[in-house]
Structures are given as C-alpha cells and as structure tokens.
Amino acid sequence: MQDITRRRLLWSIPFATAAVAGGGFLAMLSGLRKGNFDPREINIPVINKPIPPFSLIGQPPSAGFNQQELQRQTKPILINFFASWCIPCLTEMGVLQQLSSHIDIWGIAYKDKPDAVSGFLERNGNPYQKIGQDPEGNIGIEWGLSGVPESFLIMPGGIIKWHYPKPLSVASTQILLSLLQ
Amino acid sequence: MLAFGIDSPDEMLKNTQQEQRAQHLGSQLRCLVCQNESIEDSSADLAKDLRKVVRQRIVAGDTDSQVMEWMVDHYGNFIRLKPPFTFTTALLWFMPVLALGIGCIIAFVTLRKRKHIEAEALSKEEQKRLSELMKE
Amino acid sequence: MISKILSPEFGHFTLALACCLAGAQFIVPLMGAKVKNNRLMALASPLAWGQFMALTLAFACLITAAVTDDFSVLNILQNSAADKPLLYKITGVWGNHEGSILLWAFILALFGAIVSAYSHHLPLSLRAKVIAIMGGSAAGFELFCLTTSNPFLRVWPAPLDGQGMNPLLQDPGLAFHPPILYMGYVGFAVPFAFAVAALLEGKVDAAWGRWVRPWTVLAWALLTCGIALGSWWSYYVLGWGGYWFWDPVENASLLPWLTGTALLHSALVVEKREALKIWTILLAIGTFSLSLSGTFLVRSGILNSVHAFASDPARGVFILLLLAAISGGALLLFAWRAPNLTSTGIFTFFSREGSIVLNNILLCTMAAVVLTGTLYPPFVQLINGQTLSVGKPFFDNALIPIALFLFLVMAIGPVIAFKKGNIQQTFKTLSIAAGLSIICTIIAFIYLHQIFPSLATGLSIWVILSACSDFIRHIAFFKTSLGNSVKRMIGLPRAFYASYLAHIGVAITILGIVGMAASQQKIVEVPINTTIHLAGYDWTLTNIEDRQGANFIATEAVIKISKNGKVVTWMFPARHYFDRQKQVVTDVAIHTNFISDLYAVLGDSKNSTQSTPLFVLRLHYNPLAPWIWMGGFIMAIGGFITLTDRRFRIGTPAQRKKVKEA
C-alpha cells in the first residue's frame, strides 16, 4: 500500500511539471492583458550608463547638438527619437506637449527629411527645445535604438537614467516625472 | 553560410574573407524587431543598418569578439541568438546533458528493478504450484 | 441556391449541433462503461458519425460563404476579396485563425469517425472509451470555436468587397500544408485516446500495442509530410533560400514529431514484448499535449513568430483551460492509474528493446532541448525581467551532437534481435557497412574540412548501408540461390520495408541538409544581357517583362541557364505587386534535377538615373537541396507502407484467441 503511494507520487511528476508550466503561461497571459509582460520587449543595457559619443546637425531653425553639449546641461533632458513617417509618433505628440512644461525635450528626427519634419511639427505642434537630424540612422544605432519613437532620460553629467522604447503614455510619463523628483 | 536578407550587392564587402566573417557574425545576431531571424536573414531596415555596422567595424579592423562585444554593449544579450553561459542560462545550456542523464538513470533503474519483480512473480507462481501439489 | 441552404447561420447551427453531439459522444459511452450498459456504449459510434456529419456541413457552409463572396461574414470580409482566384478562396478558409480552428475541429471529428469505422474488432468497452475521449477533445475545440473564434459572425451593412488575403499565403502550397499538418497533430489524438482509455480500463497488453500502433504511424506519417511541406513552402515562397528557421511555429511542429517518433518505436516494444507500457502511455499523452500546446503558444501571443496569426490573450486563456482539461486530466489519471500497470517482458541492455530505449532517450532529450530553447525566453522574462534570444546557433550547437549519436544507434538497432541480442552476429552483419562509412567520413572530411558535416555525411551513409546489410541478411543474398532470395524478398513482411524506407529517408534528409550548407550564392546588380558565372553554370539575364496577373502585376525576369555553351533551361523569377495590400511578393524560380537546385530571385530594382536600368538578382546553387524534402516524403511513404502490412489488417492476437476457443 505504501509502495503504491510512493509510485503514485513518482508518476505525478509529469503532471506537476505540466502544472508549473501551465501556471507560468497563465501568469504570462495575465501579464499580456495588464501590459506588464511583453514578449516583444527589448531591454537594452543603457540605464546608468553615459550617453554615447554623437554629433547631430540641426533641423532648421534649431541648431544641432552633440555629446558634450548634452553632458554640460545642469537639468535633466528627455531625448526623444521620432520620425514624421511613424504613426505611433503621431499618437505620442499630445503626451509630449504636456510633458514639455515639466522637462526640456530634445528631439532627434530619425531617418527623415527636413521638409517632412517641419511639416509634421507644423501639423502636430512642436514640443522640442532642440531638434537634431539623424538622416542615415547611424546615431540611432549608437544609442541602441530599435525603432521610433524611443525616449531616454538624461541626467546632468550625461548619464542615462531611464529608457522607454515605446510611445510615451500618460502612465509612463508619471514614472518619468517621479524620477525627476 | 548564406545571407538571405541582403538585397543589394553594394551591401557586401569586396574582400571575400571579410565578407564571410561579417556573414558568420551576422548569423549569430538577432534582428531585434523580427522574431528569431538573424540580421543576415532579415530584410527589415534595422537589420540592414546592423549589417552595415558589422561590416564597418570589420573594415575598421575589429576582431570578431570585439564586434560581438560592441553589439552586446549597445543592445544587450538579447541580440545574441546563442545566449552566453551565465547563471540565468545555466539550465538552458545544461538541458541536453541533464535530459540525457535523467533518461539514462530512469532506464537503468527500472530495467534493473524489472528483473527483480520478475523473479518475485515467478516464485509466487512456484508457491501456488507447490500449494496445489500439497492439496493433492 | 446552395448558398441559401448552406448559409452562415446554418453553419453556426450545425457547429453548435456538432458541439452538443461531441459532448454526448464524451458522456454517454463513458456512462455506459460505468454502468456496464452495452447499448449506451454502442451509441459511441453513431454519435461520432453524427458529430462528423454536422461538422462537415458547418465546414461546407464556411467554404460556400467564401466561394460566393459573402462579405457580410466578418471572417470572409477580413480575409478574402472578390478578385481572389477560386482556389485561394477555398484555401483561404483555413488561412486565418477562426477557419483554422474549425478545420482542426473538423479533422478531429473526421478521425473520430474513422476510428469508429475501423475499430469493430476492439473490445466494446475499450472502443467506447476511445471514441468518448475523442469526442471530449472535439467538444472542447468546438466550444472554443463557438465562444471566442466563431467564423460565422456577420457584419451589417455588408461591404461590397473584402479586405483581401495576405499575398504570401496566396500559394498552392498553402492548399495542402495546413490540412496535412493538422491531420498529423490531430492524428495523435487517437493514440492519446487509446492511452487514456487503457488507463481507465487499467489494462495495457500486446493487443493494445497492436491497435495503437497503426494510428500512431498514420499520425506520424502525416505530420512528417506536413513538416516537409511547410519547410518546402518556406524554401520556395519566402525567397530566402532558407528551409528551417527554428521559429516557434516550426518548433511547435517538431516537438510532437520527435516524441511521436519515440512513441512509434516504444509502441512496437509494447506489442512485441509487453514492456515499456507505462512509458508508452506517457509518450502518447505527451505527444498530443505537445501538439495542443503548440497551437496554444502560437495563438496566445506568448511566443512571437514570423508566421503571424492574430494573437489574442483571451483566446489564449481558453486554449490554456482546454489544455488543462485534456492534458492535465490525462496526466492526473496517469499518476493515479499508471502504478497499477506492470510490464512483464524482460530484456538485456543489448537487445532490440534496449536500442529502442536508447532511441527514446535520445529523441526525448532532443525534444527537451527544443522545448527548453523555445520556452526559455518567455519564462526568464517572467521570472526576472531579462530579455534574451535563443535561435539557430544555440539549437545547432545543442542538438547536432545528440542527433549524430542517434544516427549511430539508429543503424544498429534494427539489426539486433529482440530480448537478447548477439553482439558477434550484429558485428558480422554490419562490419562491411561500418568500414565503408568510415571511408566515406574520411573522404567527406577531405572535401568539407569540417568535423560535424563530415560526420553527418558518414553517419547518413552508415544508416543507408546498414539498412541494406540487414536486407541482404534477411533475404540471404549471396548465401542461397537467386530465386530463393527473390522468394524471401517477396515474403519479407512489409513492416521491414517500411522501416528500411523510413530510416533511409532520415539519412537522405540529413544528406540534403549537409549539401545545402555547402551552397553557393551570388548577389549582382546588372543590366539586361549580362552573363553571370556561378557553380559551373552561365546565368544570362535576357529580358525583363511586366505582365498582368489575377490580382497582381508581375515583373518577370527571363534568365537563360547554360552549361558549356548548351542551354540547360530557362528560369523566370518574378516580383508580384499586390495593389490592394500594397505589398510585393517575390516569386522564386527553381530549377531542379533532383541532385541540386538552381534558385533565382529577382531583387528590388532601384530607379537608377543611368540610361541602362540595372536589376538586382540573387542566384543560388543549392547542392542536394531537394533531398531535404524527398527524405521527408520517403519517411512518410515508409509509414504508409506499415499501414498496409497484413499483420495489421488481419485479426489481432485477442481475436485469434477467440477463434481458437470457438
């Protein structure tokens, strides 16, 4: 009798394994629903790292900027990669407008043409203090960009404090603002 | 080694040895925005840009491991289609040995035990026969 | 007229009816078995037929809606268009999530019907239980279809035209690939049902092994065909020249194939020797569970795949529940009942059974590696938030050594006798094959300069030669007169030929993969009337033409292939532009002589300002490439031959015993 119990326990291992996997899947599914689990997420290792060397020409009328200038800043700066051809960027503009009263935002137009950028900003408003151009996408690669829009919070001294590889939402800006205090 | 994603000859390096190195490296790097495709296989824009970077760095004289380091530095281990051996990936890398070991142990133990059971079963039968003989 | 009768509402109704019948098919026979009522148990078969017919009607309704362009049906609206060719209107029915689930349920019902048609010789209660389990799983899928993936939903007002189908799916390959693949997946529901029924009965014997084996072989052969077709489809449709990408969808099909192959062999041991019973039951449950979880993972959005299916967490929860009920229930039953099963057959380590145990260990290790590699990224992300990738380089590194070892064993196993093998005899049979294979490995190494490809070549030849040696031994070739050998050849059971073919098929696939790794390619940007030299062939671009296709515009290149000044063939790679989706699909041109493929892709031509326009061409020479799929089909043919073996067709051991008693 004891032997059969022992064997039953032994033969429950397949069930237990399947149950653990099932529990994991359930957690993933609920994470997918709530938005805190995204299998497409890419976590690039930039937090608390210095900004990469770069130099950008300006999007007229704004002058360009570079690594040294960003390092010299005495207050936090939000770097926002965007493009006129990117639809999620369009949805992000409203959030950026509101955010621009709390923090200086410097934009980088990724793989874009100056005319298209100015047209985009005329239509949707301009939340940026400065705009640089990255027509070939080389600077984006230096920053570890995987798509547009993406935002980086840069602290004085040129350290990356926060990175968000998706369009900014109201919820994500709250995380950002809490980091500023 | 095949580069399926390349869609124009001017993407490739003139030096065939360097180009081969680039393709080998590229096949180990994940196109970040696509699923499980290497940058050499993918026709996505980002894959194209990364192919360019790999080739630029090779021409600049980087070794293979330096190029890989540069990529991991910028994009993290996510970019490696073959994850490095770390504490987190230990189970993944040990899986072949682990599964093989467990399989062999189970097989060995049960097969040895079976002979034992068989022996017991036979002796019971013998006992039955014995008792029948006794009745007669 | 037909569309009036077979309306979407009628389809919806018959689907619901099928679901009810399937539910009854699950409950009534099991109740009958419980109260030992033969009448209730005998209801299993008619219920299975009823469910199948109801579902056939439902499926016919969906096809009718697709063919008659009924865009008031949401599913047709989203996936079809009036100008789509008729063939793709039909195949498009299963090219989307809802339709493919209906197809899945339809095939499950079809298997239920076939099982009830071919199981008259089974003991009544076992038969009732098997059909009931089939009905239970079918009911789950039909409920899934009705609740979260209903293909019959209507929209109002109905638009004039549909949104069209993904042009990549507009291909004859899609007509056959999913149905055959699904038949493979779903086919494993039969061994699963047999396993659960055996657990309920509390009895597994040689007869059970004999009954379950043809169903396993059938599912395995269909799955093999399905995988080979899928791989071939990606080779010629996606235009990358690649054939296997370790994509989650591909892994989902490879997993049940690996465990199914193990099951195929272990069921043989149950049948012949009444051993490995518990393990075989577990494999049968595991294989179908893996088929199911593949569907779940791909459609839930947990794993991302290049083969996009609209993923939806809500559907994911439903399939997970279904999976919990089907696999979880079976595994619980297994834990409770399996300890009561005892195996009687004993064997030494060096025996056919021993080699099959090793085969099972190796195949399951490979399955464990594929499963871990596929699930590792989402689980690591869930546990500590890290993101990582597991792709081709990992799978190659981890699997190739195990696979090579498997090839080594797979050649020896069939030569060893059951129960207790004779080492000397085995060595004598295989010594020539072994010697030749070692020579081949060395020659391969001289040409390839790489260890693993040379080993793979040598071991493939080893597998082929050992099958030949075993064949020669069985027909006593050279040892007796030629006429006698021919007589023995005819008398050899078909199962022998089947196993030779299946093993040789594996070897041919491996040779194809090795050959493919040595392919050559060139990417060029050239004007018309340029000749490119690649792999001993002259490829001349003679013209570029535009032409109007059914629902696309084609730009077609004309390439003349010649060798030593003689024209070999003409190739027409093209690019199809689909205006509706604003999407370009490359149409690859392949010329094969069954030993190598010439493969040409027309690239994207940039609008150059030069007076002579330049065109991008990607040319490949793929040696042995067709063997990859040929090997797969040879394996499947081996499987189908097993099904015709007379030992399966004539009575079972139990039946014969009855005859004797009578």
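Out of the range A:91-113, which residues are of a type outside the set (D, E, K, R) and surrounded by fewer than 16 Cβ atoms within 10 Å (Cβ to Cβ)?
Once the filter is applied, which keeps residues that are of a type outside the set (D, E, K, R) and surrounded by fewer than 16 Cβ atoms within 10 Å (Cβ to Cβ), the range A:91-113 yields A:T91, A:G94, A:Q97, A:Q98, A:S101, A:H102.
Being surrounded by fewer than 23 Cβ atoms within 10 Å (Cβ to Cβ), touching a residue at least 40 places away in the same chain (Cβ under 8 Å) and within 15 Å of C:S389 (Cβ to Cβ) is the requirement here; does B:Q28 meet it?
Taking the combined requirement at face value, the residue satisfies it.
Can you find a residue in the range C:74-97 that is hydroxyl-bearing (S, T, Y) and within 30 Å of C:V217 (Cβ to Cβ)?
Scanning the range C:74-97, I find at least one residue that is hydroxyl-bearing (S, T, Y) and within 30 Å of C:V217 (Cβ to Cβ), so the answer is yes.
Can we say C:F288 is in a helix (DSSP H, G or I), aromatic (F, W, Y) and buried (at least 24 other Cβ atoms within 10 Å of the Cβ)?
Yes: the conditions hold for C:F288.
For the range A:152-168, what are the residues that are out of contact with any Asp or Glu (no Cβ under 8 Å at 6 or more places or on another chain) and assigned to a strand (DSSP E or B)?
Once the filter is applied, which keeps residues that are out of contact with any Asp or Glu (no Cβ under 8 Å at 6 or more places or on another chain) and assigned to a strand (DSSP E or B), the range A:152-168 yields A:F152, A:L153, A:I154, A:M155, A:I159, A:I160, A:K161, A:W162.
In the range C:10-104, which helices (runs of 4 or more DSSP H) lie fully inside it and hold 3 or more residues that are of a type in the set (D, E, K, R)?
none
Is one or more of the residues making up the range C:302-323 within 14 Å of chain B (Cβ to nearest Cβ), closer than 23 Å to C:A403 by Cβ and under 19 Å from the mean Cα position of the chain (by Cα)?
Scanning the range C:302-323 turns up no residue that is within 14 Å of chain B (Cβ to nearest Cβ), closer than 23 Å to C:A403 by Cβ and under 19 Å from the mean Cα position of the chain (by Cα).
For the range C:168-187, check the following and say yes or no: at least one residue is at pLDDT 90 or above, outside any helix (DSSP H, G or I) and more than 25 Å from C:K89 (Cβ to Cβ).
Checked against the condition, which is being at pLDDT 90 or above, outside any helix (DSSP H, G or I) and more than 25 Å from C:K89 (Cβ to Cβ), the range C:168-187 yields no hits at all.
Which one of C:L297, C:L255 is more than 30 Å from C:T348 (Cβ to Cβ) and within 11 Å of chain A (Cβ to nearest Cβ)?
C:L297
Provide a single number: the residues in the range C:456-494 that are surrounded by 20 or more Cβ atoms within 10 Å (Cβ to Cβ) and over 25 Å from C:D645 (Cβ atoms).
7
Name the pairs: first residue in the range C:612-632 and touching a residue at least 40 places away in the same chain (Cβ under 8 Å) and farther than 12 Å from C:F594 by Cβ, second residue acidic (D, E) and not in a strand (DSSP E or B), Cβ to Cβ under 8 Å, at least 6 apart or on different chains?
Pairs found: C:V616/B:D7; C:V616/C:D604; C:R618/B:D7.
Take C:S289 and tell me if it is modelled with pLDDT of 85 or more, more than 27 Å from C:E353 (Cβ to Cβ) and of a type in the set (G, A, S).
No; evaluated as a whole, the condition is false for this residue.
On the basis of being within 9 Å of another protein chain (Cβ to nearest Cβ), modelled with pLDDT of 90 or more and surrounded by fewer than 23 Cβ atoms within 10 Å (Cβ to Cβ), does B:Q35 make the cut?
For B:Q35, the condition - within 9 Å of another protein chain (Cβ to nearest Cβ), modelled with pLDDT of 90 or more and surrounded by fewer than 23 Cβ atoms within 10 Å (Cβ to Cβ) - is not met.
For the condition at pLDDT 90 or above and at the interface with chain B (Cβ under 9 Å from one of its Cβ atoms), what is the one hit in C:A411, C:A398?
Numbers: C:A411 fails: at the interface with chain B (Cβ under 9 Å from one of its Cβ atoms).
Answer to the selection: C:A398.
Examine the range B:90-104 for a residue that is surrounded by 15 or more Cβ atoms within 10 Å (Cβ to Cβ) and closer than 26 Å to A:I47 by Cα, and state whether such a residue exists.
no
Looking at (1) without any contact (Cβ under 8 Å) to a residue 24 or more places away in the chain; (2) loosely packed, with under 14 Cβ neighbours inside 10 Å, which is the only condition A:E69 fails?
Checking A:E69 against (1) without any contact (Cβ under 8 Å) to a residue 24 or more places away in the chain; (2) loosely packed, with under 14 Cβ neighbours inside 10 Å, the one that fails is (2).
Among the residues that make up the range C:332-350, is at least one of them in a helix (DSSP H, G or I), of a type in the set (A, V, I, L, M, F, W, C), away from chain B (no Cβ under 14 Å) and within 23 Å of C:L382 (Cβ to Cβ)?
No; the residues of the range C:332-350 include none that is in a helix (DSSP H, G or I), of a type in the set (A, V, I, L, M, F, W, C), away from chain B (no Cβ under 14 Å) and within 23 Å of C:L382 (Cβ to Cβ).
Does any residue in the range A:19-43 that is at the interface with chain C (Cβ under 7 Å from one of its Cβ atoms) come within less than 7 Å, Cβ to Cβ, of a residue that is of a type in the set (S, T, Y) six or more places away or on a different chain, and which pairs are these?
The qualifying pairs are A:L29/C:S300; A:E41/C:T387; A:I42/A:S146; A:I42/C:T387; A:N43/C:T387.
Being of a type outside the set (S, T, Y), under 12 Å from A:L99 (Cα atoms) and surrounded by 14 or more Cβ atoms within 10 Å (Cβ to Cβ) is the filter here, so list the residues in the range A:145-179 that pass it.
A:L168, A:L176
Could you check, for the range C:564-587, whether at least one of its residues is hydrophobic (A, V, I, L, M, F, W, C) and within 14 Å of chain B (Cβ to nearest Cβ)? Give the steps one after another, and end with the answer.
Going residue by residue through the range C:564-587, those that are hydrophobic (A, V, I, L, M, F, W, C) are C:567-568, C:570-572, C:574, C:578, C:584-585.
Still in the running and within 14 Å of chain B (Cβ to nearest Cβ): C:584-585.
Scanning the range C:564-587 turns up at least one residue that is hydrophobic (A, V, I, L, M, F, W, C) and within 14 Å of chain B (Cβ to nearest Cβ).
Being within 14 Å of another protein chain (Cβ to nearest Cβ), farther than 21 Å from C:V269 by Cα and modelled with pLDDT of 95 or more is true for just one of C:L388, C:L404, C:L382. Which residue is that?
C:L404
Whether any residue in the range A:115-129 is under 15 Å from the mean Cα position of the chain (by Cα) and away from chain C (no Cβ under 14 Å) is what I want to check. Lay out the reasoning, then the answer.
Taking the range A:115-129 and keeping what is under 15 Å from the mean Cα position of the chain (by Cα), we get none.
The answer is no; no qualifying residue exists.
If you go through the range B:66-78, how many residues are closer than 16 Å to A:P52 by Cβ and surrounded by 21 or more Cβ atoms within 10 Å (Cβ to Cβ)?
Of the residues in the range B:66-78, 2 are closer than 16 Å to A:P52 by Cβ and surrounded by 21 or more Cβ atoms within 10 Å (Cβ to Cβ).
The values are calculated or read from the model by the stated rules, or taken from the named source; none is laboratory data. Model, not experiment: these values are computed from the prediction. Methodologically, a virtual Cβ is constructed for each residue, glycine included, from the backbone with ideal geometry; neighbour enumeration extends over all protein chains shown.
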